[in-house]
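Let me begin by presenting the structure, written as structure tokens, before commenting on it.
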Amino acid sequence: MRAGALAYGGCRVLEQVDLDVRPGELLALVGPNGAGKSTLLRALAGLMELDGGQVAVDGRAIGALGARERGRIVSLVEAEGPVPAGMTVAEVVAMGRLPYRAWWRWASGDGDRAAVDVALERLGLVGMASRSFEELSSGERQRVWIALAVAQNATLLLLDEPTSHLDVRHAYDALTLVRTLVADGKGAVVVLHDLNLAAAFADRVALLGARTLLACGSPHEVLEETRLQAAYGIPIAVRHEPDGRVVTFVDVAAR
Amino acid sequence: MLGLQRHRGALTVLAGTFVACLAVMLGGAALGAIAFPFPTVLDALVHPSTTTEVGRILWDLRLARVLLAALVGAALGISGMLLQTMLRNPLVDPYLTGTSAGAACAVAIGIVLGVAYPLLPLLAFVAALATAALVAALARTGAGISTERLILAGVSLSALFGGVVTLVILLAPTQSMTLSILGWLGGSLAGRGWNDLRVASVYALIGAIAAFAFAPALNALRLGDRRARALGLDVDRVQWSIVGAASLLTAAAVSVSGVVGFVGLIVPHVVRRLVGTDARVALPASALVGAIVVVGADTIARTLVPPIELPLGVLVSMVGVPAFIYLAFRRRTA
């Protein structure tokens, strides 16, 4: 994204955003509520018109891509949205293969079925493949949406708060999976509220606040006390461990 | 989306529904003012002839009517399933796009102005499509359709045209005109024949082919518009096409039968229970269940108190609604 400006409901939420996402990289998008993280993700997915600037994939404007081609290049996973009625877990995951078929084709091919099986396997959903999606817990549903993105097999993964409904173990599993996908050469942008998860899993962290991109760089560079306090409005302590890890916590005592 | 082979149970139910539909159609052909035994009907169907009494009644009158009833039911069933799935709203009716209200308004005015009876289906068809186009235009946002605006525009225009129909009935110069309008509003296939079937079936067929072609896209819309868009679906084009197909199907049905309510609203509910929500199975099942309901109702309408024909739409509501409420109630307490 170059000089990206985004408006929501006639109100500018972001301006002057320059952001690169590289193959083989996990970029964590952090910032306070209302900073425009989800809006930015939708713009990166080509699902939202920019109020200024441009989004390009491999040098091509995202708006110039055909819908199916865009679906093969970029996948967006949002936990919020309608709950599909009457669908099994496997059927929801299988929707990830939509960009690989003509819109009128009724049947899926062997490649599609194999991709769905792999996605179910990677997310530990094989045992619940024939369960109704509606009966799942919010955490299980979130894993299904990630599995859909895995089946979609796009070059760039955009995940909006993929761990918000997950327990510690499943959040760890989900982000570990994203890391393995990144290791395969995909790029990933993940909106996270947990700064420690961002520090632990991301190659780079982009911090949004005050209607712009405040900083973008390694967790070491971006997760800095003064900057986080300016963004969130509360004291956040940052510890740099000897082994290189960055740990953050709300400094209640400093309030 | 998985292969259809994973829907084996649903496909078996679909096959059973197909057989049931054929049986109801055969019953509709056999029953009437003069009832024929099934073997006689089958023989007359296999050996088409209008020289015998059975052949004349069957080929000149009943067969066209049974096929028309099946067409009306299938068209309303498919249309209801299309719109309920697209709008993710189980309360949506195919008449939501204003088709029936627009057609009723045009027919009421046409009757008062003395438009010839054979021209009324054409008038109804054009008015139904024009109203659907107006509703779709009002619902348009950017390149796509806003589902909320579609429902609001449809309900508003239907209320407007409903008011005009009431006014026309009150001001109609003769009682026979009033009765004609009320007869059309009550829904009926009386007096319809092969010519009506030929014309309506062309439009219904185009609508049905479009509907079935969009079945995979319709499945994707079940995830929500934004998710479907993220999966590479041209949601705007799909929405316009589905509204177009649903309007064409409903207009074809309304033009020959008048207002037959309830079918397009309830058939999708029954079908979802029978075969699930995959549009690839649910759309053909909606056509079959819709056909069963309307052929069955039309047969009852013309045989219950002969020689009087009961209004088809009224009969469908009076028999179908209690049956549906019973089914829904039984399921809830089971």
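The values are calculated or read from the model by the stated rules, or taken from the named source; none is laboratory data. These figures come from a predicted structure and were not determined experimentally. Neighbour counts run over all protein chains shown; Cβ positions are idealised from the backbone, glycine included.
Taking the criterion of being touching a helix residue (DSSP H, G or I) at 6+ places or on another chain (Cβ under 8 Å), of a type in the set (Gly, Ala, Ser) and more than 19 Å from residue A:79 (Cα to Cα), the residues of the range A:110-128 that qualify are A:111, A:115.
Residues checked against (1) facing another protein chain (nearest Cβ under 9 Å); (2) part of a helix (DSSP H, G or I); (3) at pLDDT 90 or above; (4) under 13 Å from residue B:228 (Cα atoms):
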residue	(1), (2), (3), (4)
A:40	no, yes, yes, no
A:43	no, yes, yes, no
A:53	no, no, no, no
A:86	yes, no, no, no
A:92	yes, yes, yes, yes
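Residues considered: B:264, B:224. Of these, the only one that is more than 20 Å from the chain's Cα centre (by Cα) and either at positive phi or away from chain A (no Cβ under 14 Å) (or both) is B:224.
In this structure, is residue A:171 closer than 22 Å to residue A:204 by Cβ and buried (at least 18 other Cβ atoms within 10 Å of the Cβ)?
On the way: closer than 22 Å to residue A:204 by Cβ: yes; buried (at least 18 other Cβ atoms within 10 Å of the Cβ): yes.
Answer is yes for this residue.
If you go through the range A:221-239 and keep only what is in contact with a strand residue (DSSP E or B) (Cβ under 6 Å, 6 or more places away or on another chain) and farther than 21 Å from residue A:36 by Cβ, you end up with A:225, A:237, A:238, A:239.
Taken over the range B:1-39, residues that are at pLDDT 90 or above and either hydroxyl-bearing (Ser, Thr, Tyr) or under 30 Å from residue B:279 (Cα atoms) (or both) amount to 17.
Out of the residues in the range A:64-79 that are touching a residue at least 60 places away in the same chain (Cβ under 8 Å) and not in a helix (DSSP H, G or I), which is surrounded by the fewest Cβ atoms within 10 Å (Cβ to Cβ)? Spell out how you get there, then give the answer.
First pass over the range A:64-79, keeping only residues touching a residue at least 60 places away in the same chain (Cβ under 8 Å): A:71-79.
Restricting the remaining residues to those that are not in a helix (DSSP H, G or I) gives A:74-79.
Values: A:74: 26, A:75: 28, A:76: 27, A:77: 26, A:78: 21, A:79: 18.
Among them, the one singled out is A:79.
Residue B:256 - would you say it is within 12 Å of chain A (Cβ to nearest Cβ), of a type in the set (A, V, I, L, M), part of a helix (DSSP H, G or I) and within 22 Å of residue B:133 (Cβ to Cβ)? Working first, answer last.
Working: within 12 Å of chain A (Cβ to nearest Cβ): no; of a type in the set (A, V, I, L, M): yes; part of a helix (DSSP H, G or I): yes; within 22 Å of residue B:133 (Cβ to Cβ): yes.
Answer is no for this residue.
Selection over the range B:164-192 of residues that are farther than 17 Å from residue B:116 by Cα and among the β-branched types (Val, Ile, Thr) gives a count of 5.
For the range B:33-127, give me every one of the helices (runs of 4 or more DSSP H) that falls completely inside it and has 1 or more residues that are surrounded by fewer than 24 Cβ atoms within 10 Å (Cβ to Cβ) and in contact (Cβ under 8 Å) with a residue 40 or more places away in the chain. Step through it out loud before you land on a result.
Numbers: elements: B:38-46, B:53-56, B:63-87, B:99-112.
In the range B:33-127, the matching helices (runs of 4 or more DSSP H) lie at B:63-87, B:99-112.
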